[in-house]
Each structure stands twice: as structure tokens, then as C-alpha cells.
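Read the structure below first, then the notes.
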Amino acid sequence: MSEATVDVADLRTPGGAEPDERTDDPLRADIRLLGRVLGEVIGEQAGADVLDLVEQTRVEAFRIRRSEVDRSELAERLAALDPRSANHVIRAFSHFSLLANIAEDVHHERRRRHHRREGSPPQKGSLAASFELLDAAGLDGETVAAELAGALVVPVVTAHPTETRRRTITAVQTQVSELIRQRDNAGPDGIDEGAWAAHLWREVLTLWQTALLRLSRLRLADEIEEALRYYELSLFEVMPALNTELRQALRQRWPDADLLPTPMLQPGSWIGGDRDGNPFVTADAVRRATTSQAETALRHHLSELDALGSELSMSDRLVVPTDALYALAEVAQDGSPFRADEPYRRAIRGIHDRLAATALRVLGSVPGAEPDVVLPPYALPEDLLADLATVDASLRSHGAGALADDRLARLRDAVEVFGFHLCGLDMRQNSSVHEEVLAELLAWAGVCEDYAALDEDARVALLTAELQLRRPLVRADAELSELARGELDLVIAAAEQVRLIGPRTIPNYVISMCESVSDVLEVAVLLKEVGLLELDAEGRPHSSVGISPLFETIGDLQASGAILTAMLASPLYRALVANRGDAQEVMLGYSDSNKDGGYLAAQWALYRAELALVEVARANGIRLRLFHGRGGTVGRGGGPSYEAIRAQPPGSVAGSLRITEQGEVIAAKYASPDRARRNLEALVAATLESTLLDIEGLGSDAEDVYALFDDLAARAQGAYRALVHETPGFVEWFRAATPIRELAELNIGSRPPSRKAGDNISDLRAIPWVFSWSQARIMLPGWYGTGSALESWVDGDPERLARLQDLHKRWPFFRTVLSNMGMVLAKTDLDLAARYASLVPDAELRDLVFGQITAEHERSVRMLLAVTGDDQLLADNPSLRRSIRNRFPYLEPLHHLQVEMLRRRRAGDDDELVRRCIQLTINGVATALRNSG
């Protein structure tokens, strides 16, 4: 994701900027303007003394970054502040970071518009650039059709708690962004500068007077509604248009191949279905999520039909519609004399009323006005599409194709993508829960008294036999434990919603910590119990819900190929896969694998797992789809999506992928149509290139390279585990040196920070684990262990170093791994981290752990530069380097005040304002870093 560029600007008056490319002049001007307005607001609202304090702090922070003064002076001065003064400073620097982010996001849009106007070469990651590569490859239609069969790209929105901003704050950001765009897009007459400036001032004033922190923790219902906002903000506009453009471009090049009969780009969600460790995901949550999604889709379609009815005013005294259009108009039973000669309006009215009846059936009410006439509801979105196709054909029959290509075309595209369900809601639960629930159901039914005591072969045999029977295990009134009843009710609710809204409502069931065939068959039995898996007349199983094993730890990733082989060796499960088009999805976990084995070991375990899974799929004649569980930070699989997808091993993309979009990444990518277009286009472009072109480029060297990286990964994992899992007192150090405990008090998500109570790293969720390291500016999950691995393998041998340098130049995987690591190392600040380490009360433990971190950081930077051949971090990304150089001084006071307030709080200071200051610094640091969890 993008990083915000911040200029060295005075908060009160326009200041001079460091020399830079002229293309960044508008960005610098925007930041100076926003900084000046913020300063004026602070001065008016908090007084000149506060503004002087803020400005003095800003000046000292920049002097520190220029190495003109020691940072201890600023730390001591800030440590002496009372909580109220500290609060003002924290809020000021948090707001400036937020405003600077806005300026950079708008500037990125500005630069893209400029390149389009100037006819610049297509940007890497765009569809235009991808099609240039595909055209140069000279592919034939038969090959393209085979590779893109079942093509699917699904960004899956999740509710992981790293989005620290309130929705209210986001709304103000949107207003400020729109004001800057208005000024940019103003015509020759410009804008009313006075009115525009007054509007901007009001928005910044609103920002200053609005609390950054929530009073209460987000509820699941809030997270559902928050995610749905992005459809109106961008997805309703961008996703259907991009699908249409993609389909047209492919069919233009290969007209004889039936490419993309269904949309390639489709939305997904976990919010309301992901109950792994989240007690708030219940049967009611599933109903709420799927119903809210359906309401959003149906409201959009009904609104578009209203607008379409107003636009299609053609009179049959002037044009001759088709007989099919007249038949459609008759369905409406519209006797209005005012529409007697307007068959299109009557036809659209009938379509609208049938869709309203669909909404009434699905939702129990109609979004908008109730229809005057009750018509039969649509059974399927395809029926609605058929009626819209009738309108389209009629318009074209009398020369109104331009009208058919406008709103009607957009509505048809939207119905094709979003249907009545809007987006597929995945279900997810931990395999251990399934085992416990199945054991109880089997015991209640008298099938097996002690399922947990069975070995794997016996479990598979029992579950397979159960899946061949049509009868359920339990009755509706069965007396079950709270856990079993809750899980059963939840899948019952899912089945009800599938029957009510359609099969696309619940497309997949993901199994966390999947380790065996029985883990998969247990879910199959649960689906059968509620009718989501059924047997046909020949006794073959079929289901609209796919079962997706999730491999998360290093060990599970290494075993993933063997587990998939065993799954497909089960005749019954293989028949289920066959009835799903010979397609099998597998999810890969980036977060827990990293927490388990460190950055390089996790990255390589994922690559190796994909290679193994691809081989198993080929051997069994199935199509593999990988679901990448990536987070926002590099430690959780983050980084630019385009490069990440292109770095996948050969055959692993195969025309389709799903990928999670989490936390603060969602707003960064989908808050505006321009950003949504850019990010979705990158996903599709990378998928096309990885599917149709030879990206890896290792050729006959592949096996030797893989063996080399097996060695490197083992070395990296050893170094990482020596610190994190084997150093006595490490957990104590981590909990003292980072704000992990205080994160739990920040109301930023409905989900608990730990899977279960405990003091082990394994019990802690990967998100707060990474978030805490980011706050302390150590960023350990994104680099630790890699330096040791590279250094020990090279061992001073120039030929070995040259080999790594060559691989870095020609292998996208290695280049992406090191590029992302370089970004993390550039954001790491061990001088600041030392201040967090000072919070560890045990001096010996403090020095022991921090000494290891410092030494590994030095090794990692040195070896990274040696392999890349660069003389400084981010040499390959000068714009990000400038951004970090200019922006990070604004983080300086936030870090110092966070450490001081943590020190006071842990010493027993129970002042509510101290607690609030801690939470505000967490919020501010996350805002400035932009990808914190």
C-alpha cells in the first residue's frame, strides 16, 4: 500500500521545502496548506501557548532527524509535560499525519490522471501494461481459454482490528479529499476561493473537535455496516466496469475462445462468518451479515431501475420496440394513461416491481417505496438479467444502442457481479471445535461413544460411512452442549440463507489449523447435517459450499501437499470435488506461519507449499485455487499486491486466486473509485500475467535454487526461534517493551486479541503481535532471522554472494522478499526502540534481548545491501525513501510521549487522561505508519 509523503512544513505558515521533483510541487503545496489551516485551528481552539508548544516540538523533531541535536533532550522535555499538554501535542501530530496522508492519496490520483492525459506508457500493474506483455507473447486462443477456465479473482474483506480510525474521522477525510479534488478539477473560472477556504477550515475544525477514540469497542454489527460502505464509495462503480473491460479486451484478442463466461472479479467477505476465536459470530450474526449484504445489493439495483425508468422515455409513436419488450411491459399491469405510449417505462416498472417482490421475500421489506402491484419475485439473478437483456435488444433494434450501453449496461454488469447476495460470505472455524462438536453429535446419535479416542484411519472410515447416509445425526430438539448447539445453529442459519438468497451467499467453509483428512470430513458431515451437502440418486455427494483447508504454521505448510493428497485419495471426497467442477481451494496463512518461524522461513514455507499443492493438483487432475490470507504489514504477508502475486511459484495462480483485505488496508484501497480501480486492476493484471506468462524464470536451475532456499529458511528459522521461542524471559520482555497490553484496551475491533487466555506467544493472535512491534518501531516480524541466514550461508565467499545477487536480479520471489524487507528495515528505528526497551524492569533481561535484536538488525541491513548492491535502504524506491525521511519526524513526539505515558501507567498512575494519551499515541503512530497490523 502507499506511504504518505509529508513535507517539512511549518504548522503556522508556509515553509520552504527540500528540493524535489517539480511533479511533487502540488503535493508540497497541499501539505503546506493543510498544515497551515491545522495550525490556525489549534491556535484558535487551544490557544497560542499550545500552538507554540506544538511548533517548538516540531522544530526539535526535525533537528533530531538532521542529527543536529540528541533526541534525549526532546524526550526529557516531553516527559515533563502534564497529561493535558501531552494530549494536545499527541492530537496535533496525529492530525497532521492524517492530513498529510490525504494529500498524498489525492496526489497519486492527480499523477495518474496526468499520465492518462499525456498518453504516457501504461503503468506497471495496469491492464494496459499486462495486455502489452500478453500481445508480445503471441499466445493462441486455445491456450488462453484453457488457462483461464474458471478464472476468478476475489478480494475478501475481513474485520481484523487494525483500523484505528473512527468512521466519523474517515468521513472528514473524505470531505477534505473531495475539496482538494474540486480545486484541481475547477475550470477556467476556478472556484470561489473564499468559500472553498472556509469549507476547508470547517472540516479541519470538525476534525480537531471530534474525538479520535471510540468510547466503546466495535460491535460485529458495526463492522458489517462499515464494510458495506465501500460498495457505495467505489465497488458498485468500479468492479462491474473492470469486469466488462477485461472481458472485452480478452475477446477482442481471441474472438474464437469463449473467455470469461462469468465475471472474473467478484467480492467476498468474512465479516459475520469468521468465528475462529470470535464468540460474537453466532447464527444471528450470519443472518445479519447475509441479509445486510443482500439489502445493499437489492437497494442498489432498485435505485438504478428507478433512474433507468426515468431515462427510457421513448414513445412507440416514434420508435418500434420488439414484441418481447411489449410482452415485458404487459407484466407490469401499469394502467397509467401517462405511460400508454411509453412501453420501456412500463417494462422497467414491471422489472422494478418484481425485484421489489424479491426484496420482500428475502428481506421481509422493500428498500424504498412499496410497489403498487404485487408481482411474482425473481427466483434467480439470471431471471432478472434475462429481462434486462430483453430491454437491451429492443433498444438496439431501433437505433438506441447508445442508451443500451449506458445505465442499462452498467446495471446488467452489476447484477451479474453482485446478484442478490452482493458478496460471498465465507464461514471459518477451528478444526478443534469441529472435532469436539462431531464427537458430541456422534455420541448423542449412538454412532460412536468416544470419537476423540479414535485414530485417524478409524475417524476417516466412520465419517465416510456417515456421509453415505441420508439421515441426519440429531433432531432439532436434541439436548446438546452450548458449544455444539451454537455451532449447529450457525450452520443451520447458513443453510437457511443459502436457500433464501441463493447458492453464492455462502461459497466456502474454511478450516483453521487443518491437519488431517478427518478435519475436512468433519465439516462435510456438518454441512450434510443441515442440507448444504446432499447425495444425488447415485449416492454421490454434491454441495454449493466448498471446503477449504487452511494451512497456517510452518509445520502445517510443509505437510500441506501430503494432506491434500490424502484428501483426494478418499473416493467420497474426490467425488465431491468432481461435482464441484474438479476444483479445490486451499487457504494459506501468512500471519501464524510468520509468528511461528519468522519472515524468511514463513515466506519460503509458503512458496514450497504452493509448489507441492500444484503438483498434487496436477497429479489428481483437479484445478487448484489458492486463497492467500495476507495482512497489511510485511510480517503478515503485506506489501504491494501486484508484486506479491507475480512472485508466486509457477502454476500456483492458474487464473484464479482469493486474497484477504484487512484492517486499515481496506480504506486505503477502496475509499474512492480511483484507488479502487488501481488496486483491483493490479490484482487482475498480476493474475493474468502469472497465469499466462513464465514469470519465475529459473528454468533448469529451479531445483538447485529451491535446495539453496531450503537451507536459508532453516537457518533463518533457527535464528528466529532462538530469540522468540527459546530465550528465557522473552515473552516478559515483549509484554513490557511494547504496548501489547494497552492494545487490548483500544476499541478498534470486535474480536479478542488472543485465541485463549494464556501467556504464550502461540496463544496471541498474529495481528496484535505485529501491531505491537510496529508501535515500538522494531518491526521484528518483517525481518528477524534473515540477516543471520544470509550471513552464515555466504560465510565470506564472494561466489556465494554473487549467486544471491544473480537470483535477486532475475527471480521475482527473492526480489519481492528483499524489497519488502527493505521497506520494513527502513521504518525500523532502534534508537526509538531502545526507549521502549527501557520499560523492561529487569536490566539483565532488557540488555540480553535488545542486544540480540540490535545485532540481527545490523546483520540484516548489511546483508540486504550486499545482495541488492545498493548503498542505502530503499534505493529502489526513492519516492518512499523521501516520504519516510520527511514524514517520520512527525512520529518522534508520539513515540516519546507513548513511552512516557506507558511508564506512568505501569507505575500506578490511574489518571484517565494518561490512559487516553496512550491510546491516542497508538492511534497516531498507526495513522502515520499506514500499515500497522
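If I go through the range 902-933 residue by residue, how many of them are of a type outside the set (Val, Ile, Thr) and closer than 23 Å to Pro781 by Cα? Residues in the range 902-933 being of a type outside the set (Val, Ile, Thr) and closer than 23 Å to Pro781 by Cα: 11 in total.
Just the residues that are touching a helix residue (DSSP H, G or I) at 6+ places or on another chain (Cβ under 8 Å) and assigned to a helix (DSSP H, G or I), please, taken from the range 352-374. His352, Arg354, Leu355, Ala356, Thr358, Ala359, Arg361, Val362, Leu363 - these are the residues of the range 352-374 that are touching a helix residue (DSSP H, G or I) at 6+ places or on another chain (Cβ under 8 Å) and assigned to a helix (DSSP H, G or I). Applying the condition of being without any contact (Cβ under 8 Å) to a residue 40 or more places away in the chain and within 22 Å of Ala439 (Cα to Cα) to the range 486-531 and asking which residue is surrounded by the most Cβ atoms within 10 Å (Cβ to Cβ) yields Leu527.
Of all residues in the range 550-585, which are of a type in the set (S, T, N, Q) and touching a Gly at 6+ places or on another chain (Cβ under 9 Å)? Thr553, Gln584, listed by residue number.
When residues in the range 204-224 are screened for being assigned to a loop (DSSP other than H, G, I, E, B) and modelled with pLDDT of 80 or more, 4 of them pass. Can we say Asp870 is at negative phi, in contact with an Asp or Glu (Cβ under 8 Å, 6 or more places away or on another chain) and acidic (Asp, Glu)? So Asp870 fits the description; yes. Entry remark, the range 647-663: residues being closer than 21 Å to Val616 by Cα and either β-branched (Val, Ile, Thr) or in a helix (DSSP H, G or I) (or both) number 1 in total. For Thr291, the conditions (1) farther than 24 Å from Ala369 by Cα; (2) of a type in the set (Val, Ile, Thr); (3) within 30 Å of the chain's Cα centre (by Cα) are fulfilled apart from (1). Can you work out which of the residues in the range 420-472 that are of a type in the set (Lys, Arg) and not in a helix (DSSP H, G or I) is nearest to Arg504 (Cα to Cα)? That would be Arg428. Close Cβ contacts (under 6 Å, 6 or more residues apart or on different chains) running from residues in the range 718-730 that are under 18 Å from Ala605 (Cα atoms) and not assigned by TED's automatic domain parsing to the domain that holds Ala605 to residues that are among the aromatic types (Phe, Trp, Tyr) and at pLDDT 95 or above comprise Tyr720/Tyr784.
For the structure I just gave you, tell me whether Leu902 is out of contact with any Ser or Thr (no Cβ under 6 Å at 6 or more places or on another chain) and surrounded by 20 or more Cβ atoms within 10 Å (Cβ to Cβ). It is true that Leu902 is out of contact with any Ser or Thr (no Cβ under 6 Å at 6 or more places or on another chain) and surrounded by 20 or more Cβ atoms within 10 Å (Cβ to Cβ).
Put simply, of His352, His421, His398 the only residue that is farther than 25 Å from Pro503 by Cα, of a type outside the set (S, T, N, Q) and modelled with pLDDT of 95 or more is His398. Of all residues in the range 766-789, those that are without any contact (Cβ under 8 Å) to a residue 60 or more places away in the chain have Cβ atoms under 7 Å from Cβ atoms of residues that are hydroxyl-bearing (Ser, Thr, Tyr), 6 or more apart or on another chain, in Ser772/Thr738.
Quick one: in the range 62-79, of everything that is touching a residue at least 60 places away in the same chain (Cβ under 8 Å) and farther than 24 Å from Ser883 by Cβ, which residue is surrounded by the most Cβ atoms within 10 Å (Cβ to Cβ)? Among them, the one singled out is Leu78. Against the definition (of a type in the set (A, V, I, L, M, F, W, C), touching a Phe, Trp or Tyr at 6+ places or on another chain (Cβ under 8 Å), in contact (Cβ under 8 Å) with a residue 24 or more places away in the chain and not assigned by TED's automatic domain parsing to the domain that holds Leu38), how does Val157 come out, yes or no? Spelling it out, Val157 is indeed of a type in the set (A, V, I, L, M, F, W, C), touching a Phe, Trp or Tyr at 6+ places or on another chain (Cβ under 8 Å), in contact (Cβ under 8 Å) with a residue 24 or more places away in the chain and not assigned by TED's automatic domain parsing to the domain that holds Leu38. Of all residues in the range 80-109, those that are surrounded by fewer than 19 Cβ atoms within 10 Å (Cβ to Cβ) and β-branched (Val, Ile, Thr) total 0. The number of residues in the range 304-319 being in a loop (DSSP other than H, G, I, E, B) and surrounded by 17 or more Cβ atoms within 10 Å (Cβ to Cβ) comes to 2.
A single member of Ala826, Ala833 is in contact with a Lys or Arg (Cβ under 6 Å, 6 or more places away or on another chain) and of a type in the set (Gly, Ala, Ser), and it is Ala833. Yes or no: Arg846 within 17 Å of Leu902 (Cβ to Cβ) and among the charged types (D, E, K, R)? Taking the combined requirement at face value, the residue satisfies it.
Every condition in (1) under 27 Å from Thr505 (Cβ atoms); (2) in a helix (DSSP H, G or I) is met by Ser560 except one, and the failing one is (1). Within the option set Pro571, Pro541, Pro507, Pro549, being within 21 Å of Val614 (Cβ to Cβ) and assigned by TED's automatic domain parsing to the domain that holds Arg623 holds for one residue only, Pro549. Within the range 538-554, identify whether any single residue is at pLDDT below 95, assigned to a helix (DSSP H, G or I) and in contact with an Asp or Glu (Cβ under 8 Å, 6 or more places away or on another chain), and answer yes or no. Yes: one or more hits. Here Pro343 passes the criteria (1) surrounded by 15 or more Cβ atoms within 10 Å (Cβ to Cβ); (2) under 33 Å from the mean Cα position of the chain (by Cα) except the one numbered (2). The set of residues in the range 271-303 being in contact with a Ser or Thr (Cβ under 6 Å, 6 or more places away or on another chain) and either part of a helix (DSSP H, G or I) or modelled with pLDDT of 95 or more (or both) consists of Thr290 alone.
To keep it simple, each residue is scored yes or no on (1) in contact with a His (Cβ under 9 Å, 6 or more places away or on another chain); (2) surrounded by 12 or more Cβ atoms within 10 Å (Cβ to Cβ); (3) not assigned by TED's automatic domain parsing to the domain that holds His301.
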position	(1), (2), (3)
Pro321	yes, yes, no
Leu325	no, yes, no
Glu330	no, yes, no
Arg339	no, yes, no
Arg349	no, yes, no
Ala357	no, yes, no
Ser365	no, no, no
Val373	no, yes, no
Asp387	no, yes, no
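The single condition among (1) within 38 Å of the chain's Cα centre (by Cα); (2) crowded, with 20+ Cβ neighbours inside 10 Å that Asp405 does not satisfy is (2).
Filtering the range 20-55 down to residues that are more than 18 Å from Pro83 (Cα to Cα) and β-branched (Val, Ile, Thr), which residue is modelled with the lowest pLDDT? Going through the qualifying residues, I end up with Thr23.
The values are calculated or read from the model by the stated rules, or taken from the named source; none is laboratory data. The shown structure was predicted, so the numbers you read here are calculated from the model rather than taken from an experiment. Backbone-built Cβ (ideal geometry, glycine too); neighbour counts: all protein chains shown.
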